[in-house]
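*Asks:* Starting off with a structure, shown below.
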Amino acid sequence: MQNAPSPGLQDAVLQPARNRSLPVVLQGLSALFANICGYILLALAVLVAAETLGRKLFSFSLQGVDELGGYALAVGSSLAFTTALIERAHIRIELFYVKLPTPLQMALNWSAITSIAAFGGLLAWVCFTILRDSLDYNSTSATPWATPLIYPQSLWYAGIVIFAIVSVTMALHATYLLVIGDGGALNKVYGPKEAAEEVKEELEDLARR
């Protein structure tokens, strides 16, 4: 006769792995941008396959798939910045982190998210200068299509701005948690993922397939 799983184990497995301390809209953005990136790469794969078959079988070329590939990588990467930030997908070495007292962990996690927010603001400002130069000089791509760069760069820059806004929003949220002294929530939301949390995410992904 098998023993019934304990309620604690059931809660650990069935509880959603997403951080409910984060605003729901941020969790929605993460899923939305992940899907958009997936569709972009899928469309690019179809175009590359069509280009390859066209050249091999019909001596025909679309004359621009490589250019579209560059735009897809730029736009997809800018959107993926936000997804990686919300999902805490950045690599963090926690060899000594787990041995530190909670107040020091709070300080490290707060400094990490505020540093990313500062970087996001700087990135948005620097990228704006690139976008402005393309507009001022009517820059076009050095390809047969001669695409005005302001169009793909606008999509790319929109992703950068969203990343900056989300990172600043998360930094403000972390600052609020730090001020009120909620170290548990701060370390839970902005600290590195624990092994149990990663297991729960994998089980959720498996259940959705």
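The values are calculated or read from the model by the stated rules, or taken from the named source; none is laboratory data. All values reported here derive from a predicted model rather than from experimental measurement. In this analysis, Cβ positions are derived from the backbone assuming ideal geometry, glycine residues included, and neighbour counts consider all displayed protein chains.
*Asks:* If we scan region 84-103, do we find a residue that is within 29 Å of residue 145 (Cβ to Cβ), among the hydrophobic types (A, V, I, L, M, F, W, C), modelled with pLDDT of 85 or more and surrounded by 12 or more Cβ atoms within 10 Å (Cβ to Cβ)?
*Replies:* no
*Asks:* What residue, among those in region 56-68 that are surrounded by fewer than 16 Cβ atoms within 10 Å (Cβ to Cβ) and part of a helix (DSSP H, G or I), is nearest to the chain's Cα centre (by Cα)?
*Replies:* Among those that are surrounded by fewer than 16 Cβ atoms within 10 Å (Cβ to Cβ) and part of a helix (DSSP H, G or I), it is 66.
*Asks:* Suppose the filter is in contact (Cβ under 8 Å) with a residue 12 or more places away in the chain and of a type outside the set (A, V, I, L, M); does residue 55 pass it?
*Replies:* It is false that residue 55 is in contact (Cβ under 8 Å) with a residue 12 or more places away in the chain and of a type outside the set (A, V, I, L, M).
*Asks:* If you check 164, 146, which single one turns out to be within 26 Å of residue 40 (Cα to Cα), surrounded by 19 or more Cβ atoms within 10 Å (Cβ to Cβ) and among the small types (Gly, Ala, Ser)?
*Replies:* That would be 164, the only listed residue that is within 26 Å of residue 40 (Cα to Cα), surrounded by 19 or more Cβ atoms within 10 Å (Cβ to Cβ) and among the small types (Gly, Ala, Ser).
*Asks:* Between a first residue in region 147-158 that is more than 12 Å from residue 133 (Cβ to Cβ) and a second residue that is of a type in the set (Asp, Glu) and at pLDDT below 95, which pairs have beta carbons less than 7 Å apart while being 6 or more apart in sequence or on different chains?
*Replies:* Sorted first by the residue in region 147-158, then by its partner, the pairs are 147/67.
*Asks:* Right, next: Can you find a residue that is in a helix (DSSP H, G or I), under 17 Å from the mean Cα position of the chain (by Cα) and not hydrophobic (A, V, I, L, M, F, W, C) anywhere in region 98-113?
*Replies:* Within region 98-113, none of the residues are in a helix (DSSP H, G or I), under 17 Å from the mean Cα position of the chain (by Cα) and not hydrophobic (A, V, I, L, M, F, W, C).
*Asks:* What tally of residues in region 185-197 results from selecting those that are of a type outside the set (Lys, Arg), in contact (Cβ under 8 Å) with a residue 40 or more places away in the chain and in a helix (DSSP H, G or I)?
*Replies:* The number of residues fulfilling the criteria is 7.
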